[in-house]
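A.B. asks: The structure that follows is given in the form of structure tokens.
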Amino acid sequence: MNPIETSRLLLREFEKEDAQLLYEMSQDPEAQQFVGGGELGPPLGDWENWVRALRMPEIPKRNPLGIAIVLRDSGQFVGKCGLWIDRKSRSGELGYEIKRAYWGNGYATEAAKSFVDFAFEHLQLHRIWAGCRPAHEASVRVLEKIGMTYEGHFRDASWSNGKWIDTVYYAVLEQDWKG
């Protein structure tokens, strides 16, 4: 996959060295309160395996399709973005995570919008959706800013870390994106 450039960011393939940065990001309790059930991420070895798997040579076979988000000018790693694709239904689930030190700069919005553009233009998806915790107001704003439509609030949608978690869902269809 060729890198995707925005005005401030470069969305690129993961590199071997990114595993350490992903691991460190997954160990931030304040940030992880919004990811899944709030538990800390897996050990470094799991991240190394994940990065290796994401570097498969053929994009259509990758699932998930994951990219690193870095600052264009400095190359500084600021987060990750991913798409879990269901080829049969031509749909994908969007996910993103920004290191806490970079929150509030609009990087999640910029990266997510560019990645959704890429998915509709190059992967011929029909629908892209995302879910987040209702209390994660910043993530809700990202989904709204990139043109997704609120589809519903699922109560007790998943069980994680000893508690039930609500999820709100947003989506955008190909025809709305092009519209």
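A.B. asks: Filtering region 1-22 down to residues that are aliphatic (A, V, I, L, M) and not in a strand (DSSP E or B), which residue is surrounded by the most Cβ atoms within 10 Å (Cβ to Cβ)? Lay out the reasoning, then the answer.
C.D. replies: Taking region 1-22 and keeping what is aliphatic (A, V, I, L, M), we get 1, 4, 9-11, 19, 21-22.
Right, trim to not in a strand (DSSP E or B) and you get 1, 19, 21-22.
Values: 1: 15, 19: 19, 21: 21, 22: 25.
That would be 22.
A.B. asks: Out of 155, 133, I need the residue that is touching a strand residue (DSSP E or B) at 6+ places or on another chain (Cβ under 8 Å) and in contact (Cβ under 8 Å) with a residue 60 or more places away in the chain. Which one? Break it down stepwise before answering.
C.D. replies: Working: 155 fails: in contact (Cβ under 8 Å) with a residue 60 or more places away in the chain.
When all the criteria are applied, what remains is 133.
A.B. asks: Take the conditions surrounded by fewer than 21 Cβ atoms within 10 Å (Cβ to Cβ), over 14 Å from the mean Cα position of the chain (by Cα) and free of Cβ contacts under 8 Å to residues at least 40 places away in the same chain and apply them to residue 160. Does it pass? Don't jump to the end; show me each part of the working.
C.D. replies: Values: surrounded by fewer than 21 Cβ atoms within 10 Å (Cβ to Cβ): yes; over 14 Å from the mean Cα position of the chain (by Cα): yes; free of Cβ contacts under 8 Å to residues at least 40 places away in the same chain: no.
No, not satisfied.
A.B. asks: Cβ contacts < 8 Å: first residue surrounded by fewer than 17 Cβ atoms within 10 Å (Cβ to Cβ) and modelled with pLDDT of 90 or more, restricted to region 28-50; second residue among the basic types (Lys, Arg) and outside any loop (DSSP other than H, G, I, E, B), any location; separation 6+ or different chain. Result?
C.D. replies: Note: pairs meeting the criteria are 28/100.
A.B. asks: Out of (1) in contact (Cβ under 8 Å) with a residue 60 or more places away in the chain; (2) assigned to a loop (DSSP other than H, G, I, E, B); (3) of a type in the set (Gly, Ala, Ser), what's the single condition that is false for residue 104?
C.D. replies: (1)
A.B. asks: In region 75-93, which residues are over 15 Å from residue 121 (Cα atoms) and assigned to a strand (DSSP E or B)?
C.D. replies: Of everything in region 75-93, those that are over 15 Å from residue 121 (Cα atoms) and assigned to a strand (DSSP E or B) turn out to be 77, 78, 79, 80, 81, 82, 84, 86, 93.
A.B. asks: Further, regarding this structure: Take residue 80 and decide whether it is at pLDDT 95 or above, touching a helix residue (DSSP H, G or I) at 6+ places or on another chain (Cβ under 6 Å) and of a type outside the set (A, V, I, L, M).
C.D. replies: Numbers: at pLDDT 95 or above: yes; touching a helix residue (DSSP H, G or I) at 6+ places or on another chain (Cβ under 6 Å): no; of a type outside the set (A, V, I, L, M): yes.
Criteria not met by residue 80.
The values are calculated or read from the model by the stated rules, or taken from the named source; none is laboratory data. This is a predicted model, so every value here is computed, not measured. Heads up, the Cβs are rebuilt from the backbone with ideal geometry, glycines too, and the neighbour counts pull from every protein chain shown.
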